[in-house]
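Bear in mind that the values in this text are calculations on the coordinates, not laboratory data. What you are looking at is a predicted structure, and each value in this text was computed from that prediction instead of being measured. Neighbour counts run over all protein chains shown; Cβ positions are idealised from the backbone, glycine included.
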Amino acid sequence: DQQVKQNSPSLSVQEGRISILNCDYTNSMFDYFLWYKKYPAEGPTFLISISSIKDKNEDGRFTVFLNKSAKHLSLHIVPSQPGDSAVYFCAASASSNYKLTFGKGTLLTVNP
Amino acid sequence: DGGITQSPKYLFRKEGQNVTLSCEQNLNHDAMYWYRQDPGQGLRLIYYSQIVNDFQKGDIAEGYSVSREKKESFPLTVTSAQKNPTAFYLCASSMKGGNQPQHFGDGTRLSIL
């Protein structure tokens, strides 16, 4: 049973445009959500997080939106750059424990 | 520089052998974690430890063992009981308490000869 789902295995955008990566979850106990970026043969790098008391969090070019009623979150990257090309993982946890549950990832390709 | 160091980067194991993957952090984090990643899959939790001398099984602990004798170190042993050990193994750490991001090392790729 996949509790965190990233339904798009891949996404391709043009440099300078917006990239929107989506994530859905099923566990109502999740109240903390994170996005990680991963290059091949490297560990994931933490990008941005959001707790369930907020519906938006912004850090530079990265913004995460949370829609609790829909159990949906998204990561917006504006403007997209070729260096953003990587696999992006969505993850979630319940504050009652330390465990993160990851989606399967979305491969973002930003074309020059 | 503060960070998480995993060694070695690549590891080969013969069938029937146990092998230990190293993970060291100098971030002064209380919690440490081991994940496994398979091609096209997300990260799956093997074991985690919130404090020294204590650890809990994750979702796929069978065939693995860990120890947490020091705050900085959380080695993972892949035993011969693990039927499909070929994977990319990632170690992470985080501060104590909920709602803390986990920070990852660069991983160890284990292959069976």
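Looking at the stretch B:2-51, the trypsin sites (Lys or Arg not before Pro) that sit in a DSSP loop and have at most 12 other Cβ atoms within 10 Å of their own Cβ are B:LYS9, B:LYS14.
Counting other Cβ atoms within 10 Å, keep those with at most 16, restrict to DSSP loop, and tell me which GluC sites (Glu not before Pro) in the stretch A:1-79 are left. Before the final figure, lay out each step's value.
Working: sites: A:GLU15, A:GLU42, A:GLU58; in loops: A:GLU15, A:GLU42.
Answer in residue order: A:GLU15, A:GLU42.
Per residue of A:49-55, count partner chain C-beta atoms within 10 Å of its C-beta, then hand back the mean as an integer.
Working: counts 3, 1, 2, 1, 0, 0, 0.
Going residue by residue through A:49-55 and averaging, the value is 1.
Projecting the Cα positions of A:CYS23, A:LEU108, A:PRO82 onto the charge dipole of chain A (unit charges on Cβ atoms of Lys, Arg, Asp and Glu, taken about the Cα centre) puts A:CYS23 furthest along the positive direction. Mean partner shielding of peptide B:43-52, defined as the number of other chain Cβ atoms within 10 Å of each residue Cβ, is 3.
A simple count of charges around B:ALA31, restricted to other residues whose Cβ falls under 12 Å of its Cβ and scoring Lys, Arg +1 and Asp, Glu -1, yields +2.
Applying 1/(1 + (r/R0)^6) with r as the Cβ-Cβ distance of A:GLN14 and B:ARG44 and R0 = 35 angstrom yields a FRET efficiency of 0.55.
Given Cα pairs under 8 Å that are at least 6 residues apart, what percent is the relative contact order of chain A?
Working: 273 pairs, mean separation 41.4, N = 112.
Relative contact order comes out at 37 percent.
Give the calculated FRET efficiency between B:GLU69 and B:MET95 to the nearest 0.05, with a Förster radius of 22 Å applied to their Cβ-Cβ distance.
0.60
Take the Cα of A:ASP59, step 7 Å toward its Cβ, do the same at A:GLU42, and the gap between the two points is 1.5 nm.
For Cα pairs less than 8 Å apart in space and 6+ apart in sequence, what is the mean separation divided by the residue count of chain B, i.e. the relative contact order in percent?
Working: 290 pairs, mean separation 39.2, N = 113.
Result for chain B is 35 percent.
Within 10 Å of the Cβ of each residue in B:98-110, the mean number of Cβ atoms contributed by other protein chains is 6.
By the rule of a C-alpha distance below 26 Å, with chain neighbours fewer than 8 residues away ignored, the lysines paired with A:LYS54 are A:LYS5, A:LYS37, A:LYS38, A:LYS68, A:LYS71, A:LYS99, A:LYS104, B:LYS96. Our coupling estimate for the stretch B:86-91, obtained by passing each phi through the Karplus curve with A = 6.51, B = -1.76, C = 1.60 and θ = phi - 60°, is 5, 5, 9, 10, 10, 9 Hz, Gly and Pro reported as x. Toward the positive end of the charge dipole of the stretch B:1-44, with +1 on the Cβ of Lys and Arg and -1 on the Cβ of Asp and Glu, the farthest Cα among B:ASN26, B:LEU43, B:THR5 is that of B:LEU43.
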